[in-house]
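Peer 1: I am attaching a structure below and will ask some questions about it afterwards.
The values are calculated or read from the model by the stated rules, or taken from the named source; none is laboratory data. Predicted model, so just to flag it, every value in this text is computed and none were measured. Cβ placement follows ideal geometry from the backbone for every residue including glycine, while neighbour counts extend to all protein chains displayed. What goes into the accessible areas is simple: the full protein's heavy atoms, side chains included, and nothing from ligands, DNA or RNA. Shrake-Rupley method; radii C 1.70, N 1.55, O 1.52, S 1.80 Å.
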Amino acid sequence: MFNGIKGVLYRELNVYRKRARKLILASSLSPLLYLIAFGWGFGDRVVAGGLPYITFLIPGLITMSSLNQSYGISQEINIARFYFHLYDEYLIAPVGPMEIVLGEIFYGMFKGLLSTILIFIYALIFSVDLIISPLFFLSILIHTFLFSSLGTTIAMVIKDHGSQATVNTFVITPMIFLCGTFFPVDRLPYVFKLLVYALPLTYSTKVIRASLTGGEVSIFFLALMVAYASVFFYTAYLAVRRVEA
Amino acid sequence: MMKELLEVRGLVRRFGKKTAVAGIDFTLEEGAFVGLLGPNGAGKTTTIRMLTGLYKPTSGSVRYYGRDFFSNQKGIKGNIGVVHQYSNLDRDLTAFENLNLHCILHGIPRSERKKRIEEALEFAGLAEHRNHQIKTFSGGMKRRLVIVRALLHEPRILFLDEPTVGLDPQIRRSLWDLIVKVNQVKSMAILLTTHYIEEAERLCKRVMIINEGKIIADAPPEELKKDLGRFVLEVFHEDGIEERLFQSKEEALEALKGCRETCKIREVTLEDVFLNLTGRRINV
Ligand SMILES: Nc1ncnc2c1ncn2[C@@H]1O[C@H](COP(=O)(O)OP(=O)(O)O)[C@@H](O)[C@H]1O
Ligand SMILES: [Mg+2]
């Protein structure tokens with residue numbers, strides 16, 4: 001049962017190890033720019049959701065950055081599949097689709113959690129106080145699981161590279177900008193609010209922000225995250241089960 | 001009597017309206033060395049991919065040792081080794097790491113992995129390149145590596161999809177030696193696809209000719225050629241080459257005497273067999 005998980009992780013982590021410095025450097029830049037531009041730029045004059053803006057922003061950057069990293073395995077799986085045919089090596093082995101899916105998801109979670117640590121370091125540097133509770137751990141695990149599952153699903157159902165870029169442009173980027181990363185969603189016009197409350201990132205952001213800043217964590221939202229994660233996990237499983245190359 | 005390893009019955013695969021494999025039947029014994037010879041687009045790759053669990057057939061059955069493949073995939077896959085038409089090594093990993101990945105996926109115990117990998121690298125003549133990234137490998141080296149990688153879990157049958165396509169003649173020959181060694185030293189059954197006549201004739205003890213998704217002939221190469229005649233007289237006319245078949249060299253030489261255009265005698269090949277069966281050439 002574990003050979004597939006071990007195999008996928010062995011490959012992903014060894015490839016990651018060789019590029020780690022470049023990858024970490026690249027993924028650390030954009031959150032830093034946001035912090036400098038919005039955190040320092042707005043300073044104390046802006047209050048969002050009852051918090052100093054920089055305190056509001058950091059949890060948003062955590063969800064955004066970990067989403068980018070976790071969901072980002074989509075692109076990597078894609079290149080591995082279409083350019084290098086690496087999936088053939090998994091598919092001829094005596095391992096089931098569930099093992100392959102779990103291997104990829106764990107890798108996505110690893111990347112997501114690594115970027116979370118990075119933002120915590122920024123929080124220290126910008127001396128923003130955060131509360132790290134078990135509830136935070138639970139929610140970041142669900143969050144990275146959710147978006148790794150989504151990334152795996154997308155990577156398996158699309159037919160080529162172009163469609164990957166399309167999904168990123170029309171789904172992922174708008175989601176990152178609208179779902180409470182940079183401002184509270186409650187200020188959005190009604191129509192947008194409807195849209196935003198259909199997207200899973202909204203709940204991740206609310207739960208993670210509340211857990212880090214001492215707000216009240218909605219169990220209902222947490223349950224919704226679990227629901228989304230389950231759905232995407234199942235779609236990822238189905239997609240890998242029927243994939244032929 | 002040899003034990004039956006693989007039995008294929010009525011295997012069909014369609015892609016939309018296109019029928020890539022149109023119902024093929026054959027059986028394979030332990031230790032066999034069989035070629036699947038046919039032009040590009042004949043359905044060779046699609047066949048191999050169905051026999052190794054990568055494509056689901058539209059209909060038909062595949063049995064290994066009498067067990068249905070598609071309902072026992074996990075149990076049976078350990079008996080199968082595959083070398084694809086393209087090299088699917090990870091460019092960023094080293095030779096050792098690529099082989100190690102294969103060992104992990106096939107559940108080879110950690111204590112045995114190193115020994116098997118070193119052996120495989122030795123067998124392929126790549127021992128010094130153990131810790132080099134695949135990026136630095138030539139086409140021939142990658143081919144050798146994917147072949148020994150497919151053997152790491154000690155399968156009973158090895159599928160090779162056009163193993164020498166796109167390689168220099170010299171490298172092709174060295175790969176042939178490696179493949180023959182696998183069949184003889186490891187007494188592993190081999191099913192090799194190719195569109196190179198010479199490869200099928202020289203290597204395979206039995207050749208199945210595939211065209212438009214159907215197997216149209218299945219016998220040892222000598223037998224396939226025998227029915228046709230043994231020698232060909234090629235007559236070069238202004239508008240093309242005429243080929244006349246003869247049972248003996250003497251008859252062919254006799255005909256050569258009366259030849260007024262440029263003429264040439266050569267032995268019959270599987271290309272002639274294919275031409276005779278289909279009216280087309282394998283390689284155009
Ligand atoms: N994934 C696919 N989708 C659509 N058509 C395909 C696909 N794979 C193969 N075919 C078609 O099926 C036929 C057989 O292809 P293939 O098995 O690759 O032939 P070969 O390996 O003998 O060159 C070809 O006409 C090819 O275009
Ligand atoms: Mg082919």
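Peer 1: Scanning for something open to solvent by 20 Å² or more (accessible area, probe 1.4 Å) and free of Cβ contacts under 8 Å to residues at least 12 places away in the same chain, does segment B:199-215 turn up at least one residue?
Peer 2: No, that holds for no residue.
Peer 1: Against the condition away from ligand 2 (no atom under 16 Å from the Cβ), exposed (fewer than 14 other Cβ atoms within 10 Å of the Cβ) and away from chain A (no Cβ under 14 Å), how does B:GLU271 come out, does it pass?
Peer 2: Numbers: away from ligand 2 (no atom under 16 Å from the Cβ): yes; exposed (fewer than 14 other Cβ atoms within 10 Å of the Cβ): no; away from chain A (no Cβ under 14 Å): yes.
No.
Peer 1: Got a number for residues in segment B:51-62 being within 7 Å of chain A (Cβ to nearest Cβ) and within 19 Å of B:VAL146 (Cβ to Cβ)?
Peer 2: Looking only at that region, the number is 3.
Peer 1: Does segment B:151-162 include one or more residues that are within 16 Å of ligand 1 (Cβ to nearest atom), closer than 26 Å to B:ALA42 by Cα, touching a helix residue (DSSP H, G or I) at 6+ places or on another chain (Cβ under 6 Å) and not small (Gly, Ala, Ser)? Break it down into steps so the answer makes sense when it comes.
Peer 2: If we filter segment B:151-162 for residues that are within 16 Å of ligand 1 (Cβ to nearest atom), which is where we start, we get B:159-162.
From what's left, closer than 26 Å to B:ALA42 by Cα: B:159-162.
Applying the additional criterion that residues be touching a helix residue (DSSP H, G or I) at 6+ places or on another chain (Cβ under 6 Å) yields B:159, B:161.
Add one more test, that the residue is not small (Gly, Ala, Ser), and what stays is B:159, B:161.
Checked against the condition, which is being within 16 Å of ligand 1 (Cβ to nearest atom), closer than 26 Å to B:ALA42 by Cα, touching a helix residue (DSSP H, G or I) at 6+ places or on another chain (Cβ under 6 Å) and not small (Gly, Ala, Ser), segment B:151-162 yields at least one hit.
Peer 1: Still on this structure, please answer the following. Anything in segment B:40-62 that is of a type outside the set (Val, Ile, Thr), surrounded by fewer than 21 Cβ atoms within 10 Å (Cβ to Cβ) and more than 10 Å from ligand 2 (Cβ to nearest atom)? List them, or say none. Give the derivation first.
Peer 2: Of all residues in segment B:40-62, those of a type outside the set (Val, Ile, Thr) come to B:40-44, B:49-51, B:53-57, B:59-61.
Still in the list and also surrounded by fewer than 21 Cβ atoms within 10 Å (Cβ to Cβ): B:40-41, B:54-56, B:59-61.
The answer is B:LEU54, B:TYR55, B:LYS56, B:SER59, B:GLY60, B:SER61.
Peer 1: Sticking with this one: In segment B:101-112, what count of residues is obtained for those that are open to solvent by 30 Å² or more (accessible area, probe 1.4 Å) and either within 7 Å of chain A (Cβ to nearest Cβ) or not in a loop (DSSP other than H, G, I, E, B) (or both)? Before the answer, list the steps.
Peer 2: Step one: filter segment B:101-112 for residues open to solvent by 30 Å² or more (accessible area, probe 1.4 Å), giving B:107, B:109-112.
When the remaining residues are screened for being either within 7 Å of chain A (Cβ to nearest Cβ) or not in a loop (DSSP other than H, G, I, E, B) (or both), the result is B:107, B:110-112.
Qualifying residue count for the region: 4.
Peer 1: State which residue pairs qualify: first residue facing another protein chain (nearest Cβ under 7 Å) and over 17 Å from B:PHE159 (Cβ atoms) and inside segment A:81-96, second residue of a type in the set (Asp, Glu) and surrounded by fewer than 21 Cβ atoms within 10 Å (Cβ to Cβ) in any location, beta carbons under 8 Å apart, and separation of 6 or more residues or different chains.
Peer 2: Pairs found: A:PHE84/B:ASP90; A:LEU86/B:ASP90.
Peer 1: A further question on this structure: So, B:ALA22, is that one under 22 Å from B:HIS195 (Cα atoms), open to solvent by less than 10 Å² (accessible area, probe 1.4 Å) and of a type outside the set (S, T, N, Q) or not? Show your work before the answer.
Peer 2: Details: under 22 Å from B:HIS195 (Cα atoms): yes; open to solvent by less than 10 Å² (accessible area, probe 1.4 Å): no; of a type outside the set (S, T, N, Q): yes.
Taking the combined requirement at face value, the residue does not satisfy it.
Peer 1: Taking the condition of being within 21 Å of A:SER70 (Cβ to Cβ) and either in contact with a strand residue (DSSP E or B) (Cβ under 9 Å, 6 or more places away or on another chain) or within 14 Å of chain B (Cβ to nearest Cβ) (or both), how many residues in segment A:215-245 meet it?
Peer 2: So the answer is 2.
Peer 1: Looking at B:GLY78, B:GLY10, which is the one that is out of contact with any Ser or Thr (no Cβ under 8 Å at 6 or more places or on another chain) and either among the hydrophobic types (A, V, I, L, M, F, W, C) or more than 16 Å from ligand 2 (Cβ to nearest atom) (or both)? Can you show your working first?
Peer 2: Working: B:GLY10 fails: out of contact with any Ser or Thr (no Cβ under 8 Å at 6 or more places or on another chain).
From the options B:GLY78, B:GLY10, the qualifying one is B:GLY78.
Peer 1: I need a count of the residues in segment A:130-170 that are under 22 Å from A:THR116 (Cα atoms) and open to solvent by 70 Å² or more (accessible area, probe 1.4 Å).
Peer 2: First pass over segment A:130-170, keeping only residues under 22 Å from A:THR116 (Cα atoms): A:130-152, A:168.
From what is left, the residues that are open to solvent by 70 Å² or more (accessible area, probe 1.4 Å) are A:131-132, A:134, A:137-138, A:141.
The number of residues fulfilling the criteria is 6.
Peer 1: How many residues are crowded, with 18+ Cβ neighbours inside 10 Å and within 16 Å of A:LEU51 (Cβ to Cβ) when one looks only at segment A:120-129? Lay out the reasoning, then the answer.
Peer 2: Narrowing segment A:120-129 to residues crowded, with 18+ Cβ neighbours inside 10 Å: A:122-123, A:128.
Right, trim to within 16 Å of A:LEU51 (Cβ to Cβ) and you get A:123, A:128.
Summing the residues that are crowded, with 18+ Cβ neighbours inside 10 Å and within 16 Å of A:LEU51 (Cβ to Cβ) in segment A:120-129 gives 2.
Peer 1: Separate question: Being touching a Phe, Trp or Tyr at 6+ places or on another chain (Cβ under 9 Å) and modelled with pLDDT of 95 or more is the requirement here; does B:HIS106 meet it?
Peer 2: Numbers: touching a Phe, Trp or Tyr at 6+ places or on another chain (Cβ under 9 Å): no; modelled with pLDDT of 95 or more: yes.
The answer is no for B:HIS106.
Peer 1: Turning to a different aspect of this structure: Residues that are open to solvent by 60 Å² or more (accessible area, probe 1.4 Å) and under 18 Å from A:LEU67 (Cβ atoms): does segment A:176-188 have at least one? Please lay out each step first, then the result.
Peer 2: The first filter runs over segment A:176-188 and keeps only residues open to solvent by 60 Å² or more (accessible area, probe 1.4 Å), leaving A:177, A:183, A:186-187.
With the extra rule that they be under 18 Å from A:LEU67 (Cβ atoms), the set shrinks to A:177, A:183.
Yes, segment A:176-188 contains a residue that is open to solvent by 60 Å² or more (accessible area, probe 1.4 Å) and under 18 Å from A:LEU67 (Cβ atoms).
Peer 1: Considering only residues that are among the β-branched types (Val, Ile, Thr) and more than 15 Å from ligand 1 (Cβ to nearest atom), which ones fall in segment B:32-75?
Peer 2: Taking segment B:32-75 first, the residues among the β-branched types (Val, Ile, Thr) are B:34, B:45-48, B:52, B:58, B:62.
Correct list: B:VAL34, B:VAL62.
Peer 1: Within segment A:211-236, can you find the residues that are open to solvent by 50 Å² or more (accessible area, probe 1.4 Å) and of a type in the set (Ser, Thr, Tyr)?
Peer 2: Those that are open to solvent by 50 Å² or more (accessible area, probe 1.4 Å) and of a type in the set (Ser, Thr, Tyr): A:TYR228, A:SER230, A:TYR234.
Peer 1: Quick check on segment B:63-93: of everything there that is of a type in the set (Val, Ile, Thr), touching a residue at least 24 places away in the same chain (Cβ under 8 Å) and within 9 Å of chain A (Cβ to nearest Cβ), which residue is farthest from B:ARG149 (Cα to Cα)?
Peer 2: Within segment B:63-93, the subset of a type in the set (Val, Ile, Thr) is B:76, B:80, B:82-83.
Then drop every residue that is not touching a residue at least 24 places away in the same chain (Cβ under 8 Å), which leaves B:80, B:82-83.
Now narrow it down to the ones that are within 9 Å of chain A (Cβ to nearest Cβ): B:80, B:82.
Values: B:ILE80: 12, B:VAL82: 9 Å.
Selected residue: B:ILE80.
Peer 1: So which residues in segment B:131-143 are open to solvent by 50 Å² or more (accessible area, probe 1.4 Å) and out of contact with any Asp or Glu (no Cβ under 8 Å at 6 or more places or on another chain), if there are any at all? Lay out the reasoning, then the answer.
Peer 2: To start, the set of residues in segment B:131-143 that are open to solvent by 50 Å² or more (accessible area, probe 1.4 Å) comprises B:131-133, B:135-136, B:138, B:142.
Of everything in segment B:131-143, those that are open to solvent by 50 Å² or more (accessible area, probe 1.4 Å) and out of contact with any Asp or Glu (no Cβ under 8 Å at 6 or more places or on another chain) turn out to be B:ASN131, B:HIS132, B:THR136, B:SER138, B:LYS142.
Peer 1: Just to be sure before I move on: is A:ARG11 open to solvent by less than 20 Å² (accessible area, probe 1.4 Å) and within 14 Å of chain B (Cβ to nearest Cβ) in the structure I sent? Let's see the steps before the verdict.
Peer 2: On the way: open to solvent by less than 20 Å² (accessible area, probe 1.4 Å): yes; within 14 Å of chain B (Cβ to nearest Cβ): yes.
Taking the combined requirement at face value, the residue satisfies it.
Peer 1: I've got another one for you. Restricting the search to segment B:153-198, which residues are within 16 Å of ligand 2 (Cβ to nearest atom) and open to solvent by less than 10 Å² (accessible area, probe 1.4 Å)?
Peer 2: Listed by number, the residues that qualify are B:PHE159, B:LEU160, B:ASP161, B:GLU162, B:PRO163, B:THR164, B:LEU191, B:LEU192, B:THR193, B:THR194.
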